[in-house]
Amino acid sequence: MNLRAVGAIYSFEMARALRTVMQSVISPVLSTSLYFVVFGAAIGQRIQEVDGVPYGAFIVPGLVMLSLLTQSVSNASFGIYFPRFAGTIYEVLSAPVSYLEIVIAYVGAAATKSIAIGLIILATASLFTPLTVLHPVWMLSFLVLTAITFCLFGFIIGVWADGFEQLQIIPLLVITPLTFLGGSFYSIDMLPPLWRTVSLFNPVVYLVSGFRWSFYGKADVHIGVSLAMTLAFMLLCILVIRWMFKSGYRLKA
């Protein structure tokens, strides 16, 4: 593996993130604080506990996942789209760098930024409510696995998009609604049987459930199922990216 090439692309992407600290870090932290003010203060007065967990603490894993998913998709999609938009992608493709190394560099940089933001949001949340992490290794594992998976998904969007409008349409119209409806601010066990069954078709449910289990040992879905669904989605993204590079889909045109 050409580690120097991977490191060069990775360093360039990380340097770009440092130039946009306001957008990359401060904005998600402010959004998290507002969520705590609105949901923690307003709804928390009416719902004291969920599954024995104080409501303010219960919504923390969902808030982290909300930011992690949106940031992962946005970071990775813009990271590969901008070289396509500027035309510099052809220099990368013509360099002695394999497709695998390109994906590792771009996805690795995007995942690093997303994980850092997730940890910052977690630290911010701890200022509003006491947190307990029963399974810290699982918590970090789910954080990393989710970030990589949705960075791969964001990479696909960045290759597929023909303009900045298409670049934003999936995060705004698909990812964010699925996250809100995926049990981020409630337990799906609180829903009527029909809607609980419908919720199980939402892939974000498994991510939020597994991540919440690592905190409190309570989950809407078995931890094994959550892990299997996450790995299955990651494998699907890898196969799609492999096809994109093999066929040259919107990369070599």
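The values are calculated or read from the model by the stated rules, or taken from the named source; none is laboratory data. Everything numeric here is computed off the predicted structure, so don't read it as measured data. As a convention, Cβ positions derive from the backbone with ideal geometry for all residues, glycine included, and neighbour counts pool all protein chains shown.
Listed by position, the helices (runs of 4 or more DSSP H) inside the stretch 155-253 whose residues that are under 16 Å from the mean Cα position of the chain (by Cα) number at least 3 are 164-170, 176-180, 203-216, 223-247. Check the stretch 63-84 and report whether any residue there is more than 21 Å from LEU173 (Cα to Cα) and at pLDDT 90 or above. No: zero hits. Within 20 Å of ALA5 (Cβ to Cβ), of a type in the set (Phe, Trp, Tyr) and in contact (Cβ under 8 Å) with a residue 12 or more places away in the chain: is that true of TYR55 in this structure? The answer is no for TYR55.
Here is a list of conditions, (1) farther than 17 Å from GLY154 by Cβ; (2) aliphatic (A, V, I, L, M); (3) assigned to a helix (DSSP H, G or I); (4) modelled with pLDDT of 80 or more, and VAL97 meets all of them except one; can you say which number that is? Looking at each condition in turn, VAL97 falls short on (3). Beta carbons closer than 6 Å, at least 6 apart along the sequence or on distinct chains, pair a first residue in the stretch 26-47 that is at pLDDT 70 or above with a second that is small (Gly, Ala, Ser) and in a helix (DSSP H, G or I) for PRO28/SER67. Here is the figure for the stretch 76-100: residues that are under 20 Å from ALA17 (Cα atoms) and either in contact (Cβ under 8 Å) with a residue 24 or more places away in the chain or among the hydrophobic types (A, V, I, L, M, F, W, C) (or both) total 12.
When SER214 is tested against (1) at pLDDT 90 or above; (2) under 26 Å from ILE80 (Cβ atoms); (3) surrounded by 18 or more Cβ atoms within 10 Å (Cβ to Cβ), exactly one condition is not met: (2).
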